[in-house]
1. Just checking, which of L223, L262, L273 is in a strand (DSSP E or B) and not assigned by TED's automatic domain parsing to the domain that holds V665?
2. In this structure, is E595 in contact with a Lys or Arg (Cβ under 8 Å, 6 or more places away or on another chain) and part of a helix (DSSP H, G or I)?
3. Looking at the structure I just gave you, is R73 under 24 Å from W277 (Cβ atoms), touching a residue at least 24 places away in the same chain (Cβ under 8 Å) and touching a strand residue (DSSP E or B) at 6+ places or on another chain (Cβ under 8 Å)?
4. May I ask you to list pairs of residues, at least six apart or on different chains, whose Cβ atoms are under 8 Å apart, with the first in segment 726-748 being touching a residue at least 60 places away in the same chain (Cβ under 8 Å) and the second being assigned to a loop (DSSP other than H, G, I, E, B) and acidic (D, E)?
5. In the list S655, S695, which residue meets the criterion of being under 22 Å from D70 (Cβ atoms) and of a type in the set (S, T, Y)?
6. Within segment 46-74, which residues are over 22 Å from M6 (Cβ atoms) and either of a type in the set (G, A, S) or at pLDDT 90 or above (or both)?
7. Condition first: among the aromatic types (F, W, Y), within 29 Å of the chain's Cα centre (by Cα) and buried (at least 23 other Cβ atoms within 10 Å of the Cβ). Now tell me which residues in segment 562-614 satisfy that.
8. So K667 clears everything in (1) without any contact (Cβ under 8 Å) to a residue 24 or more places away in the chain; (2) within 21 Å of the chain's Cα centre (by Cα); (3) surrounded by fewer than 21 Cβ atoms within 10 Å (Cβ to Cβ) except one condition, right? Which one?
Amino acid sequence: MDLSQMKNDGTMEGWLYLIRSNRIGLQYSRKRYFVLEDHHLKSFKSVPDSKKNQEPVKSAIIDSCIRVTDNGRENIHRKVFFIFTLYNTSNHHDQLKLGASSPEEAAKWIHSFQEAALKVAPYQGDNLVGYSNSPWESFRLSGSSRANRIRSVDWTLCSRTQMDQVTPDVIAPSPWTIFGCQNGLRLFKEAKDRNSHGKWDDHPAIMAVGVVDGASEAIFQTLISLGPSRSEWDFCFYKSSVVEHLDGHTDIIHKQLYGDWLPWGMKRRDLLLRRYWRREDDGTYGCDVLYSTIPCFIRSVHPRKAMFVPALKVTVCQMLYLLNPLVMRGGGYVVSPVDQGKKSVVKHMLAIDWKFWRSYLQPSSARSITISMLGRLAALRELFRAKQGNYSSDFSSGELARNVRLLHMEEDSTVGVRTLTEDGQPKENISEEMDEHASLVGLNDAADEFFDVPEPSDYDDIENGWTSDFGPEIYSQDTRQPRLSTAAGFVKKLHDFAVQTRGYMDLQGMSREDSMSCCYGTTLQKDPTCTMPCSWTSTDPSAFLIRGKNYLQDCQKVKAKGTLMQMVAADWLKSDKREDDLGGRPGGIVQKYAEQGGPEFFFIINIQVPGSTSYSLALYYMMTTPVKDSPLLESFIKGDDTYRNSRFKLIPYISKGSWIVKQSVGKKACLIGQALEINYFHGRNYLELGIDIGSSTIARGVVSLVLGYLNNLVIEMAFLIQGNTEEELPEFLLGTCRLNHLDATKSVLVKP
């Protein structure tokens with residue numbers, strides 16, 4: 001199967017699928033050949049003939065107002081696709097839903113669209129009338145001028161040679177300590193402190209690491225498959241099914257294990273787990289799993305009733321009481337490509353409290369069971385070795401059968417990306433006329449919305465493609481507001497109960513009782529000793545790595561020596577709506593300094609977590625020297641949103657907390673504006689960045705995990721503006737912070 005390809009001139013082209021919904025809400029797909037050349041996006045019904053200068057069916061311009069979101073895995077007509085959506089920031093109804101047949105293909109297109117959004121058409125002076133009469137219409141924020149966008153273009157960011165290597169940007173000890181080797185796998189345990197070597201917890205987290213002869217995508221496909229072919233390597237596995245897709249990156253899974261590999265006298269338990277996956281820019285796949293064991297009396301019930309408490313005539317309170325000792329643990333996989341993608345380093349992590357599967361189990365025996373279960377990684381390695389690294393799936397389309405048919409669900413749908421020769425598919429007569437004014441919505445061919453029967457060529461690769469999680473009786477539909485199913489709600493109740501008994505709090509479950517009156521800049525206390533819960537302080541900047549003076553030549557990063565600004569205040573707020581422009585509100589720390597007329601300038605980072613109760617974490621940084629003394633910062637303050645989005649970076653680090661949270665958050669710098677929506681508010685003496693966490697599915701998944709363990713975390717962050725030219729290097733940190741055990745109950749209610 002030929003794939004989409006990037007040509008030498010930078011043109012990206014290949015087959016994608018348009019994902020649309022008809023008038024009764026059912027989703028369907030249409031295969032189209034897309035060509036992305038510079039900032040021009042063209043859609044064809046067949047492979048275009050460059051010699052004939054073939055006109056596209058639809059077209060649009062990708063400019064600085066176009067964003068791309070990764071929606072993850074979805075299913076349409078029993079075929080799995082990987083969805084991504086283009087949308088216009090100035091008009092969120094202007095969207096184009098596309099996808100690829102694999103996460104690798106989706107990642108290529110997403111990266112190409114992000115680069116194209118940073119480019120603009122050749123400048124044509126003030127003759128914009130002639131430009132607007134062309135068959136293109138640029139999508140941009142109202143009021144922005146072409147001249148401003150020309151100045152904001154950051155060509156060095158588009159250069160692939162300037163992309164950071166995927167290595168940690170934080171100097172910190174490893175959270176794992178090696179303790180042995182078995183079956184060719186290195187074995188590690190979680191290192192909770194410096195003196196943990198040689199000491200074991202009652203139910204430790206253990207990791208096995210091995211090298212598998214296969215591409216990361218093929219390994220990831222094998223790991224997340226729940227069909228009969230899983231028995232080729234997973235000796236613990238009996239059968240499993242997807243209970244519900246929460247979104248494109250999150251599933252609820254019901255899993256049954258064999259019991260013959262367990263010690264004598266230990267009865268097997270079913271597992272109800274929440275599975276979350278993601279793909280990093282370097283091709284690394286991560287799959288995090290939150291386990292909960294199901295009592296034996298539930299396992300004995302018919303599978304169609306096993307997830308529903310009313311069928312058992314047991315109240316939720318009784319269920320939680322019975323499950324109280326069965327403390328939930330976690331696990332997962334990380335698959336990282338090496339040797340130019342020919343091989344992969346696979347990490348398998350697992351933490352389960354086995355003693356509640358048999359009350360008299362010794363801690364050493366419990367560790368042995370965990371290590372034995374991790375031996376599945378060695379079996380996976382041997383499977384790919386037997387296949388000579390070219391593992392092709394022989395899964396049937398209905399392999400992942402579903403035991404429970406849910407009436408309300410968000411059915412996922414994604415899209416195949418393939419490059420076919422002209423002989424590979426017959427050309428069709430193009431009878432549709434090109435609109436004079438193109439839009440992202442215009443690329444959706446609405447005329448045939450009810451013809452949702454798949455084209456024969458849509459499934460010519462179904463035998464080797466990704467398979468659906470559901471049986472043939474389940475059809476695809478687009479439900480914008482999916483109702484949380486009984487199973488999903490059950491898992492959430494288990495999670496809430498378990499984390500609360502361990503001292504954690506879930507922000508979404510907190511009551512919104514009245515609190516102290518809000519005075520902006522004073523609601524979160526400072527504690528330099530880092531001993532007071534729910535407090536903040538600055539952290540050591542030398543723990544963070546930034547681009548050095550010669551980064552363009554040697555790609556080396558160096559320790560930061562200091563910060564440009566000092567952190568002076570923080571807010572921890574809650575409200576029934578998003579709270580913007582905190583710096584401009586009367587009575588706050590920013591306006592108090594503004595009234596005095598001093599030289600102080602504030603840089604405010606407002607991290608916004610949406611929900612039924614919205615939370616805002618605002619960090620206030622101040623500098624007393626003139627802004628003009630820092631040219632890069634001055635360019636950032638005076639630049640437009642495109643420039644700012646291409647430069648603002650965050651380096652996160654969980655210095656204390658659960659290993660599963662540390663793994664999900666990572667220690668790598670991220671260009672926030674390329675992944676999340678940022679709203680900028682500029683006042684006389686401040687610039688505020690409102691970072692909307694809810695604008696990304698992946699970010700929501702990571703943050704929801706962090707929030708569940710918030711009381712037990714120490715979070716450290718550093719902020720900077722990326723330097724791309726010799727004049728802008730070396731980089732410098734704007735500021736750092738350390739957040740110590742934040743508590744949702746201590747957030748301050750913003751009163752209207």
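1. On the way: L223 fails: in a strand (DSSP E or B); L262 fails: in a strand (DSSP E or B).
Only one candidate passes the filter, namely L273.
2. no
3. Judged against the criteria, R73 is a match.
4. What qualifies is T736/D540; N740/D527; A744/D506.
5. Details: S655 fails: under 22 Å from D70 (Cβ atoms).
Answer to the check: S695.
6. Answer for segment 46-74, where residues must be over 22 Å from M6 (Cβ atoms) and either of a type in the set (G, A, S) or at pLDDT 90 or above (or both): just G72.
7. Keep residues of segment 562-614 that are among the aromatic types (F, W, Y), which gives 572, 593, 601-603.
Applying the additional criterion that residues be within 29 Å of the chain's Cα centre (by Cα) yields 572, 603.
Residue satisfying the conditions is F603 alone.
8. (1)
The values are calculated or read from the model by the stated rules, or taken from the named source; none is laboratory data. Everything numeric here is computed off the predicted structure, so don't read it as measured data. Quick reminder, even Gly has a Cβ in these numbers, built from the backbone with ideal geometry, and neighbours come from all protein chains shown.
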